[in-house]
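Peer 1: Below you'll find the structure I mean.
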Amino acid sequence: MTAENKLVEGIDLVCFNFFHENEVDLYMLSTYGEVDLPLTVDGSLILFHSTNLTKLAFSLFPEELVKGQSIPVEVALTCNVPLAVKKIKSGKVDQKASILNCLNMFFDIFKVSNLDIPETYRKNLYAFADYLTFEKNIVAFFDTTEAKRVDILQAFLWCVGTVLSNSKILS
């Protein structure tokens with residue numbers, strides 16, 4: 001077992017609802033444990049449209065990273081982009097952490113993809129994510145910060161577009 005592998009407790013299957021709130025559009029794999037590493041190849045996030053492709057996606061992880069790990073069969077996390085957008089635009093609370101789940105996954109993706117979030121977007125999104133880690137009241141965040149909903153929405157949508165445009169989709 002390598003030092004890197006000791007940091008990986010397992011592999012998660014993550015689903016993304018990018019276009020429809022109640023419909024999975026794409027899946028991805030990510031390690032969890034000391035390090036969260038979404039699956040990338042040559043800097044591009046690997047997405048797939050069917051759980052039938054999970055085994056193929058799993059095979060793309062470096063051997064030393066997944067040695068002894070099981071191929072996930074159940075979704076561990078859902079990033080519901082339409083619901084997050086709706087809550088950013090006009091929501092009062094984010095009880096199920098839909099915004100935070102998306103933001104944390106985007107942050108992990110950007111780390112491994114060597115993509116930089118523009119400074120203003122990064123500052124606003126990290127402040128929002130830090131707040132949502134402990135609070136669910138979205139309105140209170142906007143009452144106590146210079147950032148407006150439109151600023152967070154613009155930064156969030158930039159993340160969505162950047163993630164999708166820097167991904168490879170297995171088929």
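Peer 1: Output yes when any residue across the range 58-65 is in contact with a Gly (Cβ under 9 Å, 6 or more places away or on another chain) and farther than 29 Å from Asp130 by Cα, and no when none is.
Peer 2: no
Peer 1: Tell me which helices (runs of 4 or more DSSP H) are completely within the range 75-162 and hold 2 or more residues being closer than 21 Å to Cys15 by Cα, of a type outside the set (D, E, K, R) and out of contact with any helix residue (DSSP H, G or I) (no Cβ under 6 Å at 6 or more places or on another chain), or say none if there are none.
Peer 2: 81-90, 98-113
Peer 1: Which of (1) closer than 17 Å to Ser167 by Cα; (2) open to solvent by less than 20 Å² (accessible area, probe 1.4 Å) does Gly10 not meet, given it meets every other one?
Peer 2: (1)
Peer 1: Tally up the residues in the range 101-135 that are within 19 Å of Met28 (Cα to Cα), modelled with pLDDT of 95 or more and open to solvent by 20 Å² or more (accessible area, probe 1.4 Å), please.
Peer 2: Residues in the range 101-135 being within 19 Å of Met28 (Cα to Cα), modelled with pLDDT of 95 or more and open to solvent by 20 Å² or more (accessible area, probe 1.4 Å): 2 in total.
Peer 1: Considering the range 89-100 alone, what residues qualify as being open to solvent by 40 Å² or more (accessible area, probe 1.4 Å) and of a type in the set (A, V, I, L, M)?
Peer 2: Correct list: Val93 only.
Peer 1: Could you say whether any residue in the range 30-50 is farther than 13 Å from Ile109 by Cβ, in a helix (DSSP H, G or I) and open to solvent by 40 Å² or more (accessible area, probe 1.4 Å)?
Peer 2: There is no residue in the range 30-50 that is farther than 13 Å from Ile109 by Cβ, in a helix (DSSP H, G or I) and open to solvent by 40 Å² or more (accessible area, probe 1.4 Å).
Peer 1: So, in the range 17-29, of the ones that are open to solvent by 50 Å² or more (accessible area, probe 1.4 Å) and assigned to a strand (DSSP E or B), which residue ends up farthest from Phe61 (Cα to Cα)?
Peer 2: In this case the residue turns out to be His20.
Peer 1: Something else: Taking the range 51-88 as the search range and keeping residues that are over 21 Å from Asn104 (Cα atoms) and polar (S, T, N, Q), which one is most open to solvent (accessible area, probe 1.4 Å)?
Peer 2: Across the range 51-88, the extreme among qualifying residues is Asn52.
Peer 1: Residue by residue through the range 136-152, note down the ones that are modelled with pLDDT under 95 and among the charged types (D, E, K, R).
Peer 2: Asp143, Glu146
The values are calculated or read from the model by the stated rules, or taken from the named source; none is laboratory data. It should be emphasised that the depicted structure is a prediction, and the values quoted were computed from it without experimental measurement. When we count neighbours, we look across all protein chains shown, and the Cβ atoms used for this are built from the backbone with ideal geometry, even at glycine. Ligands, DNA and RNA are stripped out before the accessible areas are found, and what is left, the full protein with its side chains, is counted by its heavy atoms. Shrake-Rupley method; radii C 1.70, N 1.55, O 1.52, S 1.80 Å.
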